[in-house]
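Here the structure is laid out as structure tokens; the discussion comes afterwards.
The values are calculated or read from the model by the stated rules, or taken from the named source; none is laboratory data. Here the structure is a predicted model, which means the values were calculated and not measured. Reconstructed Cβ throughout: ideal geometry from the backbone, glycine too, with neighbour counts over all protein chains shown. Keep in mind that these areas ignore ligands, DNA and RNA; they rest on the heavy atoms of the full protein, side chains included. Shrake-Rupley method; radii C 1.70, N 1.55, O 1.52, S 1.80 Å.
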Amino acid sequence: VRCLNKLFQDDAVAAGFAREDTLLLPYWQHDETRYQPNVEREDWMLWVGRPDRSKALEEAFRFSMLTGFEVRFAAPWYPGDQEWAQVLERVRPPGVTYLGEISRVQKQDLFSRCRALLYTARPDYKEAFGLVFLEALCSGTPVVALDHHKGSTQSWFYPGPPYGIRSLTTEALARDWVNYGASLSPRAVFQRCKEIYDPGSLANQLNERLR
């Protein structure tokens, strides 16, 4: 059984698999040179991922309404998602733009231009690692995130301004963005990337943190 981290390895053992039959296989080791830092940013946030219920895209809508800040979301729709997509489209506020499904090259461009990455997953969603945080880190992109679910890594990569903002609720996140958003620095994020980014070291440290 291939497991993305020790949380899922423990789940596999609990389901009846022998631990020696499981293999830790982090999927996030990638070439950070694909993402180029850009200090000059545009005034909109990026939300990227599969927009199923666990990712709580509707909270990004609410964030935009509370702050008046533009949010652009890029997401693929999968079979079975159509009903939820229709619900989201009905409640999508004017300040939110749907970019459609994007290519890898388009993702790199969006990460290099957005003011920050917005992350809004539900409390009961178990994040395997959070590849978007690593992509943001390598592109010098601050992260504005709901920090209320076990297993995610934004709190480690982004311990607060000038790297990012973390709050438990959308209302608190919106307030913190208004108060501290101007202090977030792409230059500081990229400097942090150079200081902490090493795939092997990160894998070992994360496995310990997620035991």
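For this structure, a couple of remarks:
- The residue that is nearest to the chain's Cα centre (by Cα), among those in region 68-85 that are surrounded by fewer than 19 Cβ atoms within 10 Å (Cβ to Cβ) and farther than 22 Å from residue 125 by Cβ, is 70.
- The listed residue being at pLDDT 80 or above and closer than 13 Å to residue 137 by Cβ, out of 164, 181: 164
- For residue 46: the one exception among (1) at pLDDT 85 or above; (2) assigned to a helix (DSSP H, G or I); (3) under 22 Å from residue 125 (Cα atoms): (2)
- Checking the stated criteria, residue 133 turns out not to satisfy the condition of being buried (at least 20 other Cβ atoms within 10 Å of the Cβ), at pLDDT 90 or above and among the hydrophobic types (A, V, I, L, M, F, W, C).
- Checking residue 141 against (1) open to solvent by less than 50 Å² (accessible area, probe 1.4 Å); (2) modelled with pLDDT under 80; (3) not small (Gly, Ala, Ser), the condition it does not meet: (2)
- Each residue in region 99-119 was checked for being open to solvent by 80 Å² or more (accessible area, probe 1.4 Å) and either under 11 Å from residue 47 (Cα atoms) or at pLDDT below 90 (or both), and 3 pass.
- Residues that are of a type in the set (Val, Ile, Thr) and open to solvent by 50 Å² or more (accessible area, probe 1.4 Å) were ranked within region 89-98; the one that is farthest from residue 141 (Cα to Cα) is 91.
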